[in-house]
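One structure follows; several queries about it will come next.
The values are calculated or read from the model by the stated rules, or taken from the named source; none is laboratory data. Just so it is clear, the model here is predicted, and its values are computed rather than measured. All Cβ positions, glycine included, derive from the backbone under ideal geometry; neighbour counts span all protein chains shown.
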């Protein structure tokens, strides 16, 4: 984040030494947060600004958060505000909009105290209770307009004497007081206070050496955490090996902050030098999901946190922050997260391939691509990224930029390996790191196309890829690309009669369509929609899952059957024409009874890891 952090080192030097008293740097913004009413999810926050000019001070809460692309109205959880000046006199506060307040008539110092309510623990919001304080900064701290350049000091007053602090903020001599060089860094620094367990290990050598910290608030055993830490260490090492180096983490640390407690909500959120992971399950129950989230978010410490789309520079906390490049920022990360786990030997080949098959299915059998390519799907992020409206939206016109980008990354990786000896998607990502990430220079769509041409020494190929598969929605044929690795793309249920992309849900004696049928599927053509009750199929009364399965099992693709259904109080009847199930799967040749060649096995090993030919 060049725009945000270009002066990080210099500012931190001022924070660390006595020179700050002699410099012209602005006085620090000082926060203090305490939790006297934690059992009812409240925090008490005080923030003080000094050396202000004579103009009225505008303070407000954010409406967006780093790593999120939708609007979030954090001001709704702030109340009981009071302000005073440097002499302790009460100051009037005027609220003319939902997002903030104006404070006139101060003496150059303003202290504001307020109550914060927080009980939604994930990567976006805050959760406060007797077991922990899980704080995302935009959801927690109000700020003053025009004061972004000020260094920041924050003091946490723990609810429990056993609470410790896990954060990417700069530590000080006090274990509960931390610093940030400026507003942008502070707001990108989630913090956990709890009696968490800590595991640490070193990466890199010499001046680039860094400490990886795993701070986990959980109700499991130390052995569970040790197993997780051992797996995380392998996966982190694989990431660093792929990139060739780790970023220069500020203060020499990178921190995974993880909550595995029943009251939390499942999420993962990347930040410059840290990651939030939250799961309402134990380590044992979470199983593969926990390392999958860690791997995805750690890849972001290169891709997104430093290799950044120009549209996110700098982050605007007053609005949604869209970019047409989420197919690369999030989607390529989605591709690499499981791939790094596979290469580290922490997942089986067949498990990895099931994920590949799911990605290919979503892109090739769905209908969403007819409504836009990956850039269009990226720009729809503010409508789908943890943001819901009261009114329903059509689920068949959107495919996640995570999935879309992962599918593009898969296709591009296999195409590069096929056409350009010694060139892979790893090569391309390392080029982006050296060109944009390491110098922290934000990129545009034209930059990405040019970089692909530089890596392949084939600008025409790069232009064609971006023109057809990024600007538009064309996809390559996955089957021959996967064949190079001795992998078969095949129908998963070739003889099964298929109703559509939805399942049937039984409640009592009612069997209903669960989900919106996609265009051109049998249920859609017959006029059925989400929530419709299926009364009979081919003359068989349907009152249970077993009835539906038995009736469906009597038919083959191409056959027809009468269907009676109830739609919003009206009884309807139609003729249903079954089709073959288009679902595909990706399996090893060995699974399909075909012997791969030595060349295919070598390709697979180079792509998925040396043990990919044995399991």
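Can you report the number of residues in the range 33-75 which are closer than 19 Å to residue 138 by Cβ and part of a helix (DSSP H, G or I)?
Here the count works out to 2.
Tell me, which strands (runs of 3 or more DSSP E) wholly within the range 145-191 include 3 or more residues that are within 28 Å of residue 53 (Cβ to Cβ), in contact with a strand residue (DSSP E or B) (Cβ under 7 Å, 6 or more places away or on another chain) and in the same structural domain as residue 271 (by TED's automatic domain parsing)? Even if it seems obvious, please write down each step before you answer.
Details: elements: 152-157, 164-167, 177-180.
Here the list reads 152-157, 177-180.
Table: residues versus (1) outside any strand (DSSP E or B); (2) touching a helix residue (DSSP H, G or I) at 6+ places or on another chain (Cβ under 7 Å); (3) crowded, with 16+ Cβ neighbours inside 10 Å.
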{"position": "455", "(1), (2), (3)": "yes, yes, yes"}
{"position": "460", "(1), (2), (3)": "yes, no, no"}
{"position": "466", "(1), (2), (3)": "yes, yes, yes"}
{"position": "474", "(1), (2), (3)": "yes, yes, no"}
{"position": "479", "(1), (2), (3)": "yes, no, no"}
{"position": "485", "(1), (2), (3)": "yes, yes, yes"}
{"position": "489", "(1), (2), (3)": "no, yes, yes"}
{"position": "493", "(1), (2), (3)": "yes, no, no"}
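Does residue 437 qualify as being touching a strand residue (DSSP E or B) at 6+ places or on another chain (Cβ under 9 Å) and crowded, with 22+ Cβ neighbours inside 10 Å?
Numbers: touching a strand residue (DSSP E or B) at 6+ places or on another chain (Cβ under 9 Å): yes; crowded, with 22+ Cβ neighbours inside 10 Å: yes.
In short, yes.
Which ones in the range 591-615 are surrounded by 13 or more Cβ atoms within 10 Å (Cβ to Cβ) and free of Cβ contacts under 8 Å to residues at least 12 places away in the same chain?
602, 605
Tell me whether the range 77-98 contains one or more residues that are touching a helix residue (DSSP H, G or I) at 6+ places or on another chain (Cβ under 8 Å), part of a strand (DSSP E or B), closer than 28 Å to residue 260 by Cβ and assigned by TED's automatic domain parsing to the domain that holds residue 47. Spell out the reasoning first.
Going through the range 77-98, the residues touching a helix residue (DSSP H, G or I) at 6+ places or on another chain (Cβ under 8 Å) turn out to be 77, 98.
Going one step further and asking which of them are part of a strand (DSSP E or B), we end up with none.
No, the range 77-98 contains no residue that is touching a helix residue (DSSP H, G or I) at 6+ places or on another chain (Cβ under 8 Å), part of a strand (DSSP E or B), closer than 28 Å to residue 260 by Cβ and assigned by TED's automatic domain parsing to the domain that holds residue 47.
Determine which member of the set 512, 490, 467 is under 29 Å from the mean Cα position of the chain (by Cα) and either at negative phi or assigned by TED's automatic domain parsing to the domain that holds residue 531 (or both).
Details: 512 fails: under 29 Å from the mean Cα position of the chain (by Cα); 490 fails: under 29 Å from the mean Cα position of the chain (by Cα).
Of 512, 490, 467, the one residue that is under 29 Å from the mean Cα position of the chain (by Cα) and either at negative phi or assigned by TED's automatic domain parsing to the domain that holds residue 531 (or both) is 467.
For residues that are assigned to a helix (DSSP H, G or I), in contact with a helix residue (DSSP H, G or I) (Cβ under 7 Å, 6 or more places away or on another chain) and either farther than 18 Å from residue 475 by Cβ or without any contact (Cβ under 8 Å) to a residue 40 or more places away in the chain (or both), tally how many sit in the range 372-398. Steps first, please.
Let us first name the residues in the range 372-398 that are assigned to a helix (DSSP H, G or I), namely 374-379, 381-384, 395-397.
Next, only the ones that are in contact with a helix residue (DSSP H, G or I) (Cβ under 7 Å, 6 or more places away or on another chain) stay: 374-375, 377-378, 381, 396-397.
Cutting the leftovers down to either farther than 18 Å from residue 475 by Cβ or without any contact (Cβ under 8 Å) to a residue 40 or more places away in the chain (or both) gives us 381, 397.
Residues in the range 372-398 being assigned to a helix (DSSP H, G or I), in contact with a helix residue (DSSP H, G or I) (Cβ under 7 Å, 6 or more places away or on another chain) and either farther than 18 Å from residue 475 by Cβ or without any contact (Cβ under 8 Å) to a residue 40 or more places away in the chain (or both): 2 in total.
Okay, next question. For the range 232-279, which residues satisfy the criterion of being assigned to a strand (DSSP E or B), farther than 20 Å from residue 207 by Cα and more than 17 Å from the chain's Cα centre (by Cα)?
260 - this is the single residue of the range 232-279 that is assigned to a strand (DSSP E or B), farther than 20 Å from residue 207 by Cα and more than 17 Å from the chain's Cα centre (by Cα).
Considering each residue of the range 346-363, count those that are touching a helix residue (DSSP H, G or I) at 6+ places or on another chain (Cβ under 6 Å) and either part of a helix (DSSP H, G or I) or closer than 13 Å to residue 400 by Cα (or both), and give that number. Full working, then the answer.
We begin by selecting, within the range 346-363, every residue touching a helix residue (DSSP H, G or I) at 6+ places or on another chain (Cβ under 6 Å); these are 346-347, 349, 352, 355, 359-360, 362-363.
Checking the rest, the ones that are also either part of a helix (DSSP H, G or I) or closer than 13 Å to residue 400 by Cα (or both) come to 349, 352, 355, 359-360, 362-363.
Residues that pass the stated criteria total 7.
When you check residue 432 against the structure, is it touching a helix residue (DSSP H, G or I) at 6+ places or on another chain (Cβ under 9 Å) and farther than 23 Å from residue 501 by Cβ, yes or no? It would help to see each step written out before you state the result.
Values: touching a helix residue (DSSP H, G or I) at 6+ places or on another chain (Cβ under 9 Å): yes; farther than 23 Å from residue 501 by Cβ: yes.
Judged against the criteria, residue 432 is a match.
Continuing with the same structure: Check the range 74-81 and report whether any residue there is surrounded by 15 or more Cβ atoms within 10 Å (Cβ to Cβ), over 31 Å from the mean Cα position of the chain (by Cα) and on the phi < 0 side of the Ramachandran plot.
Step one: filter the range 74-81 for residues surrounded by 15 or more Cβ atoms within 10 Å (Cβ to Cβ), giving 74-75, 77-78, 81.
With the extra rule that they be over 31 Å from the mean Cα position of the chain (by Cα), the set shrinks to 81.
From what's left, on the phi < 0 side of the Ramachandran plot: 81.
Yes, there is a match, as at least one residue in the range 74-81 is surrounded by 15 or more Cβ atoms within 10 Å (Cβ to Cβ), over 31 Å from the mean Cα position of the chain (by Cα) and on the phi < 0 side of the Ramachandran plot.
Let me ask another. Examine the range 399-413 for a residue that is touching a helix residue (DSSP H, G or I) at 6+ places or on another chain (Cβ under 9 Å), outside any helix (DSSP H, G or I), farther than 19 Å from residue 241 by Cα and in contact (Cβ under 8 Å) with a residue 12 or more places away in the chain, and state whether such a residue exists. Steps first, answer last, please.
Looking only at the range 399-413, we keep the residues that are touching a helix residue (DSSP H, G or I) at 6+ places or on another chain (Cβ under 9 Å), and these are 399-413.
Among the residues that remain, those that are also outside any helix (DSSP H, G or I) are: 399-400.
Subset that is farther than 19 Å from residue 241 by Cα: 399-400.
In the following step, the residues that additionally are in contact (Cβ under 8 Å) with a residue 12 or more places away in the chain were identified as 399-400.
Checking the range 399-413: at least one residue is touching a helix residue (DSSP H, G or I) at 6+ places or on another chain (Cβ under 9 Å), outside any helix (DSSP H, G or I), farther than 19 Å from residue 241 by Cα and in contact (Cβ under 8 Å) with a residue 12 or more places away in the chain.
Moving on to the next point. Does residue 242 count as crowded, with 20+ Cβ neighbours inside 10 Å and either more than 21 Å from residue 430 (Cα to Cα) or not assigned by TED's automatic domain parsing to the domain that holds residue 433 (or both)? Write out each step before concluding.
Numbers: crowded, with 20+ Cβ neighbours inside 10 Å: no; either more than 21 Å from residue 430 (Cα to Cα) or not assigned by TED's automatic domain parsing to the domain that holds residue 433 (or both): yes.
For residue 242, the condition - crowded, with 20+ Cβ neighbours inside 10 Å and either more than 21 Å from residue 430 (Cα to Cα) or not assigned by TED's automatic domain parsing to the domain that holds residue 433 (or both) - is not met.
Take the conditions touching a strand residue (DSSP E or B) at 6+ places or on another chain (Cβ under 9 Å) and farther than 22 Å from residue 138 by Cα and apply them to residue 225. Does it pass? Spell out the reasoning first.
Numbers: touching a strand residue (DSSP E or B) at 6+ places or on another chain (Cβ under 9 Å): yes; farther than 22 Å from residue 138 by Cα: yes.
Spelling it out, residue 225 is indeed touching a strand residue (DSSP E or B) at 6+ places or on another chain (Cβ under 9 Å) and farther than 22 Å from residue 138 by Cα.
Then there's this: When you check residue 196 against the structure, is it within 16 Å of residue 296 (Cβ to Cβ) and surrounded by 20 or more Cβ atoms within 10 Å (Cβ to Cβ), yes or no? Before you say what the answer is, go through the steps one by one.
On the way: within 16 Å of residue 296 (Cβ to Cβ): no; surrounded by 20 or more Cβ atoms within 10 Å (Cβ to Cβ): yes.
No, not satisfied.
Let me ask you something else. Among the candidates 223, 215, which residue alone is at pLDDT below 95 and either under 30 Å from residue 150 (Cα atoms) or surrounded by fewer than 16 Cβ atoms within 10 Å (Cβ to Cβ) (or both)?
Details: 215 fails: at pLDDT below 95.
Only one candidate qualifies: 223.
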